[in-house]
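*Asks:* What follows is a structure written as structure tokens; I'll ask about it next.
The values are calculated or read from the model by the stated rules, or taken from the named source; none is laboratory data. This structure is a prediction, so every number in the text was calculated from the model and none was measured. All Cβ positions, even for glycine, are placed from backbone atoms using ideal geometry, and neighbour counts span all protein chains on display.
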Amino acid sequence: MKLHFLDRSSHEDISFTVKKNSYPYFLRIWHYHPELELVYVTKSSGTRFIGDSIERFREGEVILIGKNLPHMWLNDDEYFSDSGTLMAEATAIHFKQDFLGHDFLEAPEVKNIKELIEKSRYGLKFDSLGEKTKNEIEQLDRGSSFEKLVRFINILNDLANHRRKTILSSEGYLNAFKRTNNKNVDKVYEYIFNNFDKKIVLGEVAEIANMNPSAFSRFFKRVNRKTFKEYVNEIRIGYACKLLSEHRYNITRICYESGFNNISNFNRQFKKITGKSPSQYLQHHKRI
């Protein structure tokens, strides 16, 4: 599963973009971008992937995705049928963390919005959100630029004050794709994402980081709070969960598609990371 960078930046003289998406199915690309993304799904259902979170989604949900957090909405199989009667619709708002300037979030009056944006790096789901806020999101493309800006700040304030928020991705996964000032380290993360389904040799990865294997292992564990091997296994199991949820392959094939070279190790790592065996995970997903 290749990770793609998508350009969501605005090429107009505006601080955020609002787009109404209406397609037979959502974009089937595992991707990331430096802009935050607020999504209100108005029609469709399927499986949502945000970082290492894999959950069912249905119409009516509102999600806030932090910058550079990989994500994808995968519609159910019926959306890809030849009949073409179903539609996937959503309102998506993209904005930079400093869309109102570097100092805006330092104002005491918007402390709650600053905290919301900081938490968004994990991905947030807003449970039992009122229809008023949802309608404001859906209608944000209307009115003058100034009116839209004021309404958007009010939306962020409402979301910040909403009590029922669910954090989606884990801290361990988040560390994997964080941007650093070291281009060699960034290349390491990109290499892992693009090659986790193949054999990964520690020495080769350490060479990308311009370190010897021992120094790289110590560095990686200090930054990610887990060993390099543990981290790669978590990425592989996250991908295995995705494949299981799609019901396209049997467990044995998924083992090898995810980068494991024997089924016993795959089962052991899957149970260790998810708390379930692959077959238990599959049965649980079918009931959702």
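*Asks:* With (1) buried (at least 16 other Cβ atoms within 10 Å of the Cβ); (2) modelled with pLDDT of 85 or more; (3) over 27 Å from Ala107 (Cα atoms) as the list, and Glu204 as the residue in question, which single condition is left unmet?
*Replies:* Condition (1) is where Glu204 drops out.
*Asks:* When you scan the stretch 97-116, do you find a residue that is within 15 Å of the chain's Cα centre (by Cα) and either aromatic (Phe, Trp, Tyr) or outside the structural domain of Ala240 (by TED's automatic domain parsing) (or both), even just one? Don't jump to the end; show me each part of the working.
*Replies:* Going through the stretch 97-116, the residues within 15 Å of the chain's Cα centre (by Cα) turn out to be none.
Within the stretch 97-116, none of the residues are within 15 Å of the chain's Cα centre (by Cα) and either aromatic (Phe, Trp, Tyr) or outside the structural domain of Ala240 (by TED's automatic domain parsing) (or both).
*Asks:* From Lys271, Lys276, Lys187, Lys226, grab the single residue that is in a helix (DSSP H, G or I), under 20 Å from Ile54 (Cβ atoms) and not aliphatic (A, V, I, L, M). Give the steps one after another, and end with the answer.
*Replies:* Values: Lys276 fails: in a helix (DSSP H, G or I); Lys187 fails: under 20 Å from Ile54 (Cβ atoms); Lys226 fails: in a helix (DSSP H, G or I).
Only one candidate qualifies: Lys271.
*Asks:* Another question about this same structure. Looking at Arg151, Arg164, which is the one that is over 18 Å from Lys20 (Cβ atoms) and basic (Lys, Arg)? If you could, list the steps in order and put the result at the bottom.
*Replies:* Numbers: Arg151 fails: over 18 Å from Lys20 (Cβ atoms).
Among Arg151, Arg164, only Arg164 is over 18 Å from Lys20 (Cβ atoms) and basic (Lys, Arg).
*Asks:* Suppose we filter Asn250, Asn265, Asn261 for residues that are under 24 Å from Phe193 (Cβ atoms), without any contact (Cβ under 8 Å) to a residue 40 or more places away in the chain and among the polar types (S, T, N, Q); which single one remains?
*Replies:* On the way: Asn250 fails: under 24 Å from Phe193 (Cβ atoms); Asn261 fails: without any contact (Cβ under 8 Å) to a residue 40 or more places away in the chain.
Within the list Asn250, Asn265, Asn261, the selection yields Asn265.
*Asks:* Just checking, how many residues over the stretch 87-113 are crowded, with 17+ Cβ neighbours inside 10 Å and not in a strand (DSSP E or B)?
*Replies:* 6
*Asks:* Is the stretch 6-16 home to any residue that is within 19 Å of Lys125 (Cβ to Cβ), modelled with pLDDT of 85 or more, outside the structural domain of Asn194 (by TED's automatic domain parsing) and crowded, with 18+ Cβ neighbours inside 10 Å?
*Replies:* Step one: of the stretch 6-16, the residues within 19 Å of Lys125 (Cβ to Cβ) are none.
No, the stretch 6-16 contains no residue that is within 19 Å of Lys125 (Cβ to Cβ), modelled with pLDDT of 85 or more, outside the structural domain of Asn194 (by TED's automatic domain parsing) and crowded, with 18+ Cβ neighbours inside 10 Å.
*Asks:* Would you point out the residue of the stretch 62-75, among those that are under 15 Å from Ser120 (Cα atoms) and of a type in the set (A, V, I, L, M, F, W, C), that is modelled with the lowest pLDDT?
*Replies:* Residue satisfying both the conditions and the ranking: Leu69.
*Asks:* If I filter the stretch 226-239 for residues that are in contact (Cβ under 8 Å) with a residue 60 or more places away in the chain, within 30 Å of Glu78 (Cβ to Cβ) and among the charged types (D, E, K, R), do I get at least one hit?
*Replies:* No, because not a single residue in the stretch 226-239 is in contact (Cβ under 8 Å) with a residue 60 or more places away in the chain, within 30 Å of Glu78 (Cβ to Cβ) and among the charged types (D, E, K, R).
*Asks:* Do we find a residue being among the hydrophobic types (A, V, I, L, M, F, W, C), within 25 Å of Gly238 (Cβ to Cβ) and buried (at least 19 other Cβ atoms within 10 Å of the Cβ) anywhere in the stretch 119-131?
*Replies:* Step one: filter the stretch 119-131 for residues among the hydrophobic types (A, V, I, L, M, F, W, C), giving 124, 126, 129.
Adding the requirement that they be within 25 Å of Gly238 (Cβ to Cβ) leaves 124, 126.
Adding the requirement that they be buried (at least 19 other Cβ atoms within 10 Å of the Cβ) leaves 124, 126.
Checked the stretch 119-131: at least one residue is among the hydrophobic types (A, V, I, L, M, F, W, C), within 25 Å of Gly238 (Cβ to Cβ) and buried (at least 19 other Cβ atoms within 10 Å of the Cβ).
*Asks:* Which residues, counting only those in the stretch 57-71, are in contact with a Lys or Arg (Cβ under 7 Å, 6 or more places away or on another chain) and either assigned to a strand (DSSP E or B) or of a type in the set (Gly, Ala, Ser) (or both)?
*Replies:* Of everything in the stretch 57-71, those that are in contact with a Lys or Arg (Cβ under 7 Å, 6 or more places away or on another chain) and either assigned to a strand (DSSP E or B) or of a type in the set (Gly, Ala, Ser) (or both) turn out to be Phe57, Val62, Ile63, Gly66.
*Asks:* Could I ask something else about it? Go through (1) assigned to a loop (DSSP other than H, G, I, E, B); (2) under 20 Å from Leu282 (Cβ atoms) one by one and return the number of the condition Asp82 breaks.
*Replies:* Among (1) assigned to a loop (DSSP other than H, G, I, E, B); (2) under 20 Å from Leu282 (Cβ atoms), the lone unmet condition for Asp82 is (2).
*Asks:* Ok, one more. Being modelled with pLDDT of 90 or more, among the acidic types (Asp, Glu), outside the structural domain of Arg236 (by TED's automatic domain parsing) and surrounded by fewer than 15 Cβ atoms within 10 Å (Cβ to Cβ) narrows it down to one residue among Glu59, Glu78; which is it?
*Replies:* On the way: Glu78 fails: modelled with pLDDT of 90 or more.
Answer to the check: Glu59.
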